[in-house]
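One structure is given here, and the rest of the page talks about it.
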Amino acid sequence: MQRNPSARRSAVGSGLVTGVSTAAVSGSAAVAGAILSRKFGHGVKTDGFFAAYSVYIAVVLVANALRVVLLPCFARAEGEGRLAREVWSWAAALAVPLAPLVAVALAAAHPLGRALTGGSKAHYAAELLPWLVPAAALQVLAGVAASALAALDDYVTAAVGFSVGGVAGLVVIVALIHHGVVAFGWGLLLNGVVALVVPGIVFVRRRGFAPIATDVAARLAALGEGVALPFALQGLYVIATRFAQGLGNGPATVFSYAYLIAALLVAVTATSLALVSSVPLTRDAFSAERAARHVVSASWLSLAVVAGAAGVFALAGERVARVVLGSHYGGGTGSELGRLVVYFAPWMAISVAVSVAFPLLFVRGRARSLPLLALAMLAVHVLVEWGGRAAFGLAGLAGGMAVTTGVVLVVLLWSLGALAAALRGLVVASLVCGGLAALLFGLPTVVLSPVPAAALGLLLYAAAIVVWRPPGLRQAWAYARMLG
């Protein structure tokens with residue numbers, strides 16, 4: 001079944017839809033985070049929350065990674081007229097690992113809580129796990145439904161489901177926050193239900209049900225290839241958080257907020273474009289040269305946003321933290337949070353490129369070595385974070401994540417045959433965007449206090465990007481518009 005190219009949504013348009021959806025979901029999460037900080041400050045309860053939440057994020061990342069695996073698969077299946085069978089077969093195969101995972105979270109929440117953190121923090125982690133793990137499992141299945149609709153060139157329905165789910169979950173949290181941190185588990189569970197039901201119903205109406213294939217083992221093997229690396233990348237945060245837990249009550253919460261801000265910037269830019277470009281890249285011819293161009297172009301578009309945001313936090317992080325998160329994050333705590341976001345800037349730049357390069361391995365069929373790479377990077381990361389914390393505390397943990405993720409990027413680009421060309425382009429993009437941000441945010445600090453300097457710096461940076469339009473950014477925009 002061939003599609004009329006004129007009927008396809010461009011990668012820019014689809015990326016905008018996905019990015020707006022991601023921003024809405026992340027915005028709901030940000031509001032929930034503000035509620036958490038204002039209600040509970042930073043200490044035992046919030047450290048316990050983030051210990052459990054790190055597991056939720058890790059499993060939800062599997063949902064995002066799964067979409068990378070499924071998009072090319074579903075695009076081919078739709079072309080051959082077997083999309084419904086493929087979708088239901090994948091849903092059945094995923095029930096095999098998800099059901100035991102949920103069962104363990106329900107039956108062994110307290111041992112898991114003690115493994116994730118210590119002391120009285122473990123109680124709050126254990127209270128949340130029975131709600132957060134099922135919520136994450138629902139998000140995995142929602143990713144299947146979203147990928148199925150993407151094969152039909154429908155990105156809007158899933159975007160609506162994810163956005164409405166995020167808002168509905170937030171309403172539950174606000175209404176039930178007097179019950180304690182467990183209210184966040186209840187809200188996220190409802191979020192998962194809505195995120196699955198909305199695209200699921202639409203897909204059933206368009207393609208119906210179909211017999212399930214019996215090749216469960218083969219699908220689980222493909223799942224292992226697809227989710228091993230993203231799961232391990234999220235595991236870097238889990239490991240770093242566990243090291244931060246050892247710095248006392250509170251630092252792990254500050255570190256988690258900084259990470260979530262950094263991850264949001266990566267998600268609404270590079271991750272969105274990576275997802276929506278997988279289908280058109282699968283349909284078209286692909287080469288190592290195009291891989292390099294794709295990675296560099298998407299990174300240019302993302303880094304232009306990331307550099308501006310890092311500049312704002314570098315100057316006004318304390319004020320932003322105090323306004324958004326409450327008085328507990330004023331003064332030294334807020335300043336530390338702002339600095340940590342800046343320390344995460346190298347990780348953000350590298351993660352942008354990883355997010356874009358990762359799906360290409362599946363487009364080119366070169367993902368078999370990913371489970372081994374995932375295991376190796378987790379083992380190395382424990383040593384990296386141990387040394388980083390000993391030397392620089394929380395800043396060392398943020399830097400350690402950049403180091404390990406950088407090694408992963410090199411391996412991915414090498415596997416695509418695009419190492420030299422892509423690295424050259426990425427270095428140029430990072431230097432131009434980062435250097436421009438450093439200059440235009442730095443100049444106002446000579447005569448202005450931090451907050452006005454951040455506002456003026458952002459204005460100058462945005463104006464420079466629009467007026468100058470660096471050649472690499474112009475080429476990236478033209479390339480993105482051609483996709484699809």
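We did not get these values from a lab; they are worked out from the coordinates using the rules stated. All values derive from a computational prediction rather than experimental measurement. Cβ placement follows ideal geometry from the backbone for every residue including glycine, while neighbour counts extend to all protein chains displayed.
Rounded to whole Å, give me the distance from the Cα center of the stretch 209-243 to that of the stretch 329-396.
That distance is 19 Å.
Per residue of the stretch 52-62, in order, report the coupling 6.51 cos²θ - 1.76 cosθ + 1.60 (Karplus, θ = phi - 60°) as ³J(HN,Hα) in whole Hz, putting x for Gly and Pro.
For the stretch 52-62, the Karplus-derived couplings read 6, 5, 5, 5, 4, 4, 4, 6, 5, 5, 4 Hz, x marking Gly and Pro.
Going by amide H atoms built from the backbone, whose H comes under 5 Å of the H on A213, apart from near neighbours?
Long-range HN contacts for A213: S89.
If you split all Cα-Cα distances of the stretch 149-193 into 10 Å bins from zero, what percentages do you get per bin, shortest first?
Spelled out per bin, shortest first, that is 31, 38, 20, 10, 1.
Could you please rank M377, M482, M401, placing first whichever residue has the fewest other Cβ atoms within 10 Å of its Cβ? Intermediate values should be presented prior to the final figure.
Working: M377 20, M482 12, M401 27.
If I rank by nearby Cβ atoms, fewest first, I get M482, M377, M401.
Starting at the first residue of the stretch 135-143, write each ³J(HN,Hα) from the Karplus equation 6.51 cos²θ - 1.76 cosθ + 1.60 with θ = phi - 60°, in whole Hz, x for Gly and Pro.
4, 5, 4, 4, 5, 4, 5, 5, x
Pull out a ≥ b ≥ c, the square roots of the eigenvalues of the alpha-carbon gyration tensor of the stretch 295-343, then state rounded if a/c is under 1.5, prolate if not and a/b is larger than b/c, and oblate in the remaining case. If you can, show how the numbers build up before the last one.
Details: a/c = 3.66, a/b = 3.03, b/c = 1.21.
Because a/c hits 1.5 or more and a/b exceeds b/c, the stretch 295-343 counts as prolate.
By its C-alpha gyration tensor, with a ≥ b ≥ c as the square roots of the eigenvalues, how is the stretch 307-376 shaped: rounded for a/c under 1.5, else prolate for a/b larger than b/c, else oblate? Provide the component values of the computation, followed by the final result.
Numbers: a/c = 3.95, a/b = 2.85, b/c = 1.39.
Prolate is the answer for the stretch 307-376, as a/c is 1.5 or above and a/b outweighs b/c.
Please list log₁₀ I(q)/I(0) at q = 0.14 Å⁻¹ for the stretch 65-148, using the Debye equation with identical point scatterers on the alpha-carbon positions.
-0.58
Order of H294, H328 from fewest to most other C-beta atoms within 10 Å? Don't skip to the end; give the middle numbers.
On the way: H294 27, H328 20.
Ranking H294, H328 by Cβ neighbours within 10 Å, fewest first, gives H328, H294.
Output the relative contact order of the stretch 335-449, whole-number percent, from Cα pairs under 8 angstrom with separation of 6+ residues.
34 percent
In bins 5 Å wide, starting from 0, what share of all Cα pairs of the stretch 326-484 does each bin hold, as a percent?
Binned Cα distances yield the sequence 1, 7, 12, 15, 17, 16, 13, 10, 6, 2, 0, 0.
Note down the relative contact order for the chain as a percent, whole number, built from C-alpha pairs under 8 angstrom at least six residues apart.
Details: 762 pairs, mean separation 102.3, N = 484.
Here the relative contact order equals 21 percent.
Taking the Cα centre of the stretch 10-482 as origin, sum charge times position over the Cβ atoms of Lys and Arg (+1) and Asp and Glu (-1), and report the length of that vector in debye to the nearest 20.
Its charge dipole is roughly 260 debye.
How far is it, in nm, from the label point at R85 to the one at L431 when both lie 7 Å from their Cα along the line to the Cβ?
Between R85 and L431, the simple spin-label model gives 5.4 nm.
For the stretch 38-90 and the stretch 126-178, compute the distance between their C-alpha centroids and round to whole Å.
9 Å
Hey, what's the Cα Rg ratio for the stretch 354-404 versus the globular rule of thumb, 2.2 N^0.38 Å?
So the stretch 354-404 has a normalised radius of gyration of 1.43.
Using packing as a proxy for protection, rank 177-187, 216-226, 341-351 so that the peptide with the highest average count of other Cβ atoms within 10 Å comes first. Mind showing how you got there, number by number?
Details: 177-187: 18.7, 216-226: 16.7, 341-351: 24.5.
Output ranking for 177-187, 216-226, 341-351: 341-351, 177-187, 216-226.
With 35 Å as the cut-off, how large is the P(r) tail for the stretch 10-482, expressed as percent of Cα-Cα pairs? Walk me through the intermediate numbers first.
Working: 31157 of 111628 pairs.
Of the Cα pairs, 28 percent sit more than 35 Å apart.
Of V62, A464, L116, which is farthest along the charge dipole of the chain in the positive direction, counting Lys and Arg as +1 and Asp and Glu as -1 at C-beta?
Value: A464.
Give the peptides 450-462, 162-174 in descending order of average Cβ contacts within 10 Å, highest first. Show your work: numbers first, answer last.
Numbers: 450-462: 18.1, 162-174: 20.5.
Most protected by this proxy first, the peptides run 162-174, 450-462.
Can you give the calculated 222 nm mean residue ellipticity of the chain, where each DSSP H run of n ≥ 4 adds -39,500 (n - 2.57) and the sum is split over every residue, rounded to the nearest 500 deg cm²/dmol?
Values: 18 runs with 404 residues, N = 484.
Calculated from helices alone, the mean residue ellipticity at 222 nm is -29000 deg cm²/dmol.
With charges set only on the Cβ (+1 for Lys and Arg, -1 for Asp and Glu), what does the dipole of the stretch 334-473 come to about its Cα centre, in debye to the nearest 20? Walk me through the numbers on the way to the answer.
Values: 7 positive and 2 negative charges, 81 e Å.
So the magnitude is around 400 debye.
Quick one: what are the phi-derived ³J(HN,Hα) couplings along the stretch 88-95, Karplus 6.51/-1.76/1.60 with θ = phi - 60°, whole Hz, x for glycine and proline?
Each residue of the stretch 88-95 in turn: 5, 5, 5, 4, 5, 5, 5, 5 Hz.
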